[in-house]
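Structure first, commentary second.
Any read-out appearing in this document is the output of simple, stated calculations on the displayed coordinates, not a laboratory observation. Please read all numbers here as calculations on a predicted model, not as lab measurements. Counting neighbours? That spans all protein chains shown, and the Cβs are built from the backbone with ideal geometry, glycine included.
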Amino acid sequence: MHNLIHLAIPAFLLLLIAEAVAGAVMRRDLYEWKDTAASLTMGVGNVLIALFSKAMVFAIFTVVHPYAIFKNIGYQWWAWGLLFFAEDLTYYAFHRTSHECRFFWASHVIHHSSQRYNLGTALRQTWTGSFASFIFCLWLPLIGFQPMMILTMQAISLLYQFWIHTELVRRMGPLEKVLNTPSHHRVHHASNDPYLDRNHAGTLIVWDRLFGTFEPEDPENPPLYGLTKNINSYNPLRIAFHEWADIVHDLRGARSWAERWSCVFGRPGLKYERQDALLRDAEIGVS
Ligand SMILES: [Zn+2]
Ligand SMILES: [Zn+2]
């Protein structure tokens, strides 16, 4: 079976060029070539690494599948329907955890490190995440879904998420209620209040509405894209590994096992909050 992502690469590039041209015609400041070059480099790296990580995940799913609860699900049409919802819910759980646990954030931060929001940002993908994210999906082969079906559904979800990385589509009427749209995902990429860590959806926005992480885009409060502390770098190695390096640095300075645990598995940004609190305390102390 062909890799859907590989087949889509020419379409990704054509749409990216179309958006850049449309942006230039409309005199919108959508693209910055250094930023786009960095995003494309991350995308190429991700595709190359996925040659290994996908084979690894497929092997793990295949090893697990004989222990499934339901052994005869096969490739029937209703199984695809069920898997669509199961995979999308799993993606929500994985993506939300990627924002709430630093170990997963260290891989996911890559996708959020651009201060631009365009189809190039969609291709700014992790180099390390694919080796850990499958943990969230292990229940799918254990239910009885075929390993190849699961990988295909994951690819479809990733393909869907490409086109929503645009500022050129404003609102999509009633579809906003059900689907993850450009508007909802702009909120997800914003670092300003009240947008931070909201709208973790893959294809369906209903999970965010259901679990209390939904925030609509407010035209009066435009999203500020990027991180709360931006890395200001176009170096692919720094983009890929900066949070891992920070974790190692913080671990070296940690004085207790509780602190070490929180360095790796605590909330991302906790360190900055502590530093800000210390600074505030110091200012209060001085005045
Ligand atoms: Zn995210
Ligand atoms: Zn995104």
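Brief remarks on what is shown
- Exposure proxy ranking, count of Cβ atoms within 10 Å, fewest first, for VAL25, VAL206: VAL25, VAL206
- Contact order, relative form, for the chain: 22 percent (alpha carbon pairs under 8 Å, 6 or more residues apart, mean separation divided by residue count).
- In the elastic network of the chain, a GNM with C-alpha springs shorter than 10 Å, the most mobile of ASN221, ASN118, ASN199 is ASN221.
- Couplings 3J(HN,Hα) for the range 223-231, derived from phi with the Karplus relation 6.51 cos²θ - 1.76 cosθ + 1.60 (θ = phi - 60°), are x, 9, 7, x, 9, 5, 10, 6, 8 Hz, where x marks Gly and Pro.
- Among the GluC sites (Glu not before Pro) found in the range 134-220, those both in a DSSP coil and sparsely packed, with 12 or fewer other Cβ atoms within 10 Å of their Cβ, are GLU220.
- Stretched out straight at 0.36 nm per residue, the stretch from ARG27 to ASN192 would grow longer than its current Cα-Cα span by 56.9 nm.
- Cα gyration tensor category, rounded, prolate or oblate, for the chain with a/c compared to 1.5: oblate
- Taking a quarter of the surface of the Cα convex hull of the range 182-223 gives a mean projected area of 2.6 nm².
- The magnitude of the dipole of the range 5-70, with charges of +1 and -1 set on the Cβ of Lys/Arg and Asp/Glu and taken from the Cα centre, is near 80 debye.
- Candidate aspartates and glutamates for bridging to LYS177, where Cα separation is under 17 Å - those fewer than 8 sequence places away on the same chain excluded: ASP88, ASP208, GLU215, GLU217, ASP218
- SER157, SER39, SER98, SER107 arranged by Cβ crowding within 10 Å, fewest neighbours leading: SER157, SER107, SER98, SER39
- Computed over the chain with a Gaussian network model linking Cα atoms closer than 10 Å, the most mobile of LEU140, LEU251, LEU89 is LEU251.
- For a straight C-alpha distance cut-off of 20 angstrom, the aspartates and glutamates reachable from LYS71 (same-chain residues fewer than eight places away being disregarded) are GLU87.
- Longest to shortest principal axis, alpha-carbon extents of the range 97-149, angstrom: 41, 25, 16
- Residue exposure proxy: HIS200, HIS112, ordered by other Cβ atoms within 10 angstrom of their Cβ from fewest to most, comes out as HIS112, HIS200.
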